[in-house]
1. Show me the ranking of peptides 202-212, 188-198 by mean Cβ neighbours inside 10 Å, starting with the highest.
2. List, largest first, the extents of the alpha carbons of the stretch 182-225 along their principal axes, each in whole Å.
3. Charges on Cβ only, +1 for Lys and Arg, -1 for Asp and Glu, centred on the Cα centroid of the stretch 9-376; of M21, L160, L107, which one is farthest towards the dipole's positive end?
4. What number, in percent, do you get for the relative contact order of the chain if the mean sequence gap of Cα pairs under 8 Å and at least 6 apart is divided by its residue count?
5. Nothing charged except the Cβ atoms of Lys and Arg (+1) and of Asp and Glu (-1): what's the magnitude of the dipole of the chain about its Cα centre? Round to the nearest 20 debye.
6. Rounded to the nearest 500, what is the 222 nm mean residue ellipticity of the chain from helices alone, with -39500 (n - 2.57) per DSSP H run of 4+ residues and division by all residues?
7. Rounded to a whole number of µm²/s, how large is the Stokes-Einstein D of the chain at 25 °C and 0.890 mPa s, given Rh as the Kirkwood radius over C-alpha pairs?
8. Per 0.36 nm of contour for each residue apart, how much would the distance between V31 and S180 grow if the chain were fully extended, relative to their Cα-Cα spacing?
Amino acid sequence: MQTPDPLHPGAEALRGVAALMVLATHYVALVQPQGPGLWGLAATGVDLFFVLSGFVFAKLLARPGWSLAAYGVRRLFRLYPLYLVALLVYAGLRPADGRWDALPAHLAMLHTTGSLQLAGAYNVAFWSLPPEVEFYLLLPLLAWLAVAMRHQVQAALWPLLGAALAVKVGLVALADLGESPESLRRVLTVHAPGLLVEFLLGAGVAVVGGHVDAPQWARPWSMRTRRIAAVLGLLALVVLAMVYAQQLSTPEQVARAPLWLQGHVGLWASAGFAALMLLLKPAAAFAPAESAHTDAGHRLAWAVALWAGRCSYGVYLLHNAAPALVARLWPSAQGWPLLLASLALTFVMAAVLHRVVEAPARQWGRRWAARLDQRQAPPTAPR
């Protein structure tokens, strides 16, 4: 039976950072109606989420042969219950006329395969869930490919990463100013073909950073190499911020900016995030919060990191509902009062729903998956 791996406090804290980045890029409009400016770059928090998913699931890529049924149950109960609750919250905020029209597509997570109106009918942040699910579906294939390629190449990560990068660059290169927002190329850019490279960057961090033992994927890098890569990643993010401020921070700039630049912002940011994550220590290097030998500051940092990770999904899903809910309860609220009240409500909703929906559903899914794991495990040889 598979035992749950220990949570990585660094990765959990970064989940919280990613959620706050996405929240910031939406909430800045409450106090800066002329446009988000450089805050618009915080939307790359979604790309950080993708990199983190690749990082967390690298352990499955490293050991093929796990139970697909148990894996599917874990993923379903991790992602779907809270999403369903959030979907109903947003549906309740819509006008009664047409409230449920987009619901079937969203329930099937097909909302980003149609029109832009369908994709954002309830919550624009929902767009990132279909590619996340697609990565989950591709994981068994990627694990099998890594083993199959071991006979041809020493490390499967680099050819797979190169192929995913080529697809991403190719999709951006095919961009045309006159194309429809619902064109096949645009749809593919927000699904696995256009985003797999970001997930693989995260998996690569886990492998070359020494977080998982996966010789079929790549060999770990030395600390010196990782530090050099992290410095280059930080430099890349600084340059990206400068370019964004000069070329993409206003609607007028976006209208004049080359399509290749617009199409590569997420990839650029995810590469920088992945490089910085090379500095993360292995989870085993952190003392658990309950250890008597851990100082109070370390225990507090651990607790905050884990709380940020646990509530990040709820913050991400529900933060766009909070201003609408606050406006109904406090119609006169504007500017900073509206922002602060929305922020508080977002955290409260995320914490409460984690406790009453997300955590129980996840535990139930783990118990069910554990039973499926036991069924698949070979019988123990008699002694």
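Read-outs throughout are calculated quantities, based only on the coordinates presented, and are distinct from any laboratory measurement. Quick caveat, the model's predicted, so the values are computed rather than measured. With ideal geometry, Cβ positions are generated from the backbone for all residues, glycine too; neighbour counts draw on all protein chains shown.
1. Values: 202-212: 24.7, 188-198: 21.4.
Going from most to least packed, we get 202-212, 188-198.
2. The principal-axis extents, from largest down, are 45, 21, 11 Å.
3. Comparing the listed Cα positions along the dipole, L160 ranks first.
4. On the way: 476 pairs, mean separation 115.7, N = 383.
Rounded, it is 30 percent for the chain.
5. Numbers: 28 positive and 17 negative charges, 225 e Å.
Roughly 1080 debye, rounded to the nearest 20.
6. Numbers: 18 runs with 249 residues, N = 383.
So the calculated ellipticity at 222 nm is -21000 deg cm²/dmol.
7. Details: Rh = 22.3 Å.
Stokes-Einstein gives a translational diffusion coefficient of 110 µm²/s.
8. Values: separation 149, 0.36 × 149 = 53.64 nm, distance 3.23 nm.
Net length gain for the segment: 50.4 nm.
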